[in-house]
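Dropping a structure here in structure tokens format, bear with me for questions.
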Amino acid sequence: MDFDTLLVHSGRASAPAVQAVNAPLVRASTVVFDTLDSYKQAQRGTVFDGPRYGRSGTPTTFELQRAMAALCGAQACIATSCGLSAITAVLSAYAGPGKHLLLSAGVYGPARNFCEKELAPTGTEIEFFAHGADVSQLLRDTTSLVWIETPASLTMEMLDVRAICAAARARGIPVGADSTWGTPLFFDAHGLGIDISMHAATKFISGHSDVMLGLVTGSRDALQRVRAYCERSGTHAAPDACWLALRGLRTLGVRMRRHEASALAVARWLQQQPSVRRVLFPALESDPGHALWRAQFSGAAGPFTIELAPCTEEAFARFIDTLRLFGLGTSWGGFESLVMPAVPHHLRALSGAADAPRLVRLHVGLEDPSDLCQDLAGAFEASTS
């Protein structure tokens, strides 16, 4: 079936039992069994998404996991409590004393922080590689996982995913990726060779800024370690979040195409503004990563970054504070537009140096793009007055 048809019809196997179009929300802590044999079978965990205990999922969880696996062209999916818990589950599953994790330098800030503060002190060797580096030269006999994010968080740099996957596959090393920006609609992670794909379903999958959820997809073999880690650590998702994500999935296709069209309109307008030095958005023909984006993506999401002309901290504050349609918040992927200083996670509370260029991340929501441009124009005027 076409992707849009899958969005509508996947994850609804349990709906006919309640004579509804939506799968029912099943909340449960205790799972009961008819026989001792069926209880033992469940505890062995031979069925990837079968009921064992409420923490491991209810039928609502399994509906979402099967739907997401189908949309991603994968065998299996694991739902976790949030995007970061999904990332840390994957990284932890492949970490350990004497092991080497190789990560792209532009990964999500809290993921880098977790590696440096939690995994490195326990004996995992953490290495970050720069955009454009030859990954084949950095792989070791002890490398247990390559982890990437494309486009890079905040800086929007593109990676050659096929080349990275080919180099890792030649050494028998799995590749994991944060695929949140592209979603399964615009980014076929597994088709490009990625073994483990993570989506912060908090963002575009749910689409309504009211859910915390992470989803990890891949083959059953690739996810066995991750699944075991989730069982040990209890990072599974609540059924309510899974039900809301199923609701969000139904409109993912129409929302993403609107995000793309509006983001391109706003980005092209920003390119003409004297207060903007650069627009970092690989979907633009002028972006250095445009060729890789065209080769690896079928569309573009709403978030991108702009570099403002040098200004004082006071002028920068006027720019941010004057915006009315762009809310100031740390997220993206919802229906509403957002703005955030694009600085590393551990520096967000600090002031920038006087007259330094400022990077600003915008998430273009579902508002009319002309209204968003007018809002930005007012902010530019306030910052230079």
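Just so you know, all these numbers are worked out from the coordinates, no wet-lab data involved. Only a predicted model underlies this, so the values are computations on that prediction, with no experimental measurement involved. Please note: Cβ atoms are built from the backbone with ideal geometry, for glycine as well, and neighbour counts cover all protein chains shown.
Would you mind computing, in nm to one decimal, how far apart the modelled labels at Thr251 and Gln224 are, each placed 7 Å from Cα along Cα→Cβ?
4.1 nm
Which lysines have a Cα less than 29 Å from the Cα of Lys117, not counting those fewer than 8 places away in the same chain?
Lys99, Lys203
Same structure, new question: If we sort 102-115, 364-377 on the protection proxy, mean other Cβ atoms within 10 Å, highest first, what's the order?
Put in order of decreasing packing, that is 102-115, 364-377.
Report the net charge of residues surrounding Glu285, where surrounding means a beta-carbon distance below 15 angstrom and charges are Lys +1, Arg +1, Asp -1, Glu -1.
After counting each charged neighbour, the total is +1.
Using the beta-carbon distance between Val18 and Ala317 and R0 = 45 Å, what value does 1/(1 + (r/R0)^6) give for FRET efficiency, to the nearest 0.05?
So, using R0 = 45 Å, E works out to roughly 0.30.
Counting pairs of alpha carbon atoms under 8 Å apart in space and at least six apart in sequence, what relative contact order in percent does region 220-304 give?
26 percent
Relative to the longest principal Cα axis of the chain, at what angle does helix 161-170 sit, 0 to 90 degrees, rounded to 10?
With rounding to tens, the tilt is 40 degrees.
Follow-up. For the chain, take the longest principal axis of its alpha carbons; what is the angle in degrees between that and the long axis of helix 220-233, to the nearest 10 within 0 to 90?
90 degrees
Would you tally the net charge around Gly218, using a Cβ to Cβ cut-off of less than 11 Å, leaving Gly218 out, and scoring K and R as +1, D and E as -1?
+1
If you don't mind, another one. Assuming 0.36 nm per residue, please report the length gained on full extension of the stretch Asp141 to Glu285 beyond their Cα-Cα distance.
47.9 nm
With contacts defined as alpha carbon pairs under 8 Å and 6 or more residues apart, what's the relative contact order of the chain in percent?
16 percent
Sort 23-31, 197-205 by packing, meaning the average of other beta carbons within 10 Å per residue, with the highest value first.
My ranking of the peptides, most packed first, is 197-205, 23-31.
Per DSSP helix of 4 or more residues, -39500 (n - 2.57); summed, then divided by the residues of the chain. What does that give at 222 nm, rounded to the nearest 500?
-10500 deg cm²/dmol
Might you report the magnitude of the Cβ-based charge dipole of the chain about its Cα centre, with Lys and Arg at +1 and Asp and Glu at -1, to the nearest 20 debye?
920 debye
Give me the Debye-computed log₁₀ of I(q)/I(0) at q = 0.09, 0.20 Å⁻¹ for region 252-384, equal point scatterers on Cα only, no solvent, two decimals.
-0.25, -1.22
For region 288-330 and region 193-240, what is the centre-to-centre distance using only Cα atoms, to the nearest Å?
27 Å
Find the Cα radius of gyration of the chain, compare it with 2.2 N^0.38 Å by division, and give the number to two decimals.
Cα Rg divided by the expected 2.2 N^0.38 Å: 1.02.
Relative to the first principal axis of the alpha-carbon coordinates of the chain, what is the inclination of helix 83-93, with its axis defined by its Cα atoms, in degrees from 0 to 90 and to the nearest 10?
Result, in degrees: 60.
Further question: Near Ala67, within a Cβ-to-Cβ distance under 13 Å, what is the net charge of the other residues, with Lys and Arg +1 and Asp and Glu -1?
Around Ala67, the surrounding residues sum to +2.
Another question about this same structure. Report for the chain the percent antiparallel among DSSP-assigned beta bridges with both residues inside it, nearest 5.
Taking every DSSP beta bridge within the chain, about 60 percent pair in antiparallel fashion.
Roughly what would the spin-label model give for Ala377 and Lys117, points 7 Å off Cα along C-beta, in nm?
The answer from the label model is 4.3 nm.
What's the ranking of 32-43, 183-194 by average number of surrounding C-beta atoms within 10 Å, highest first?
183-194, 32-43
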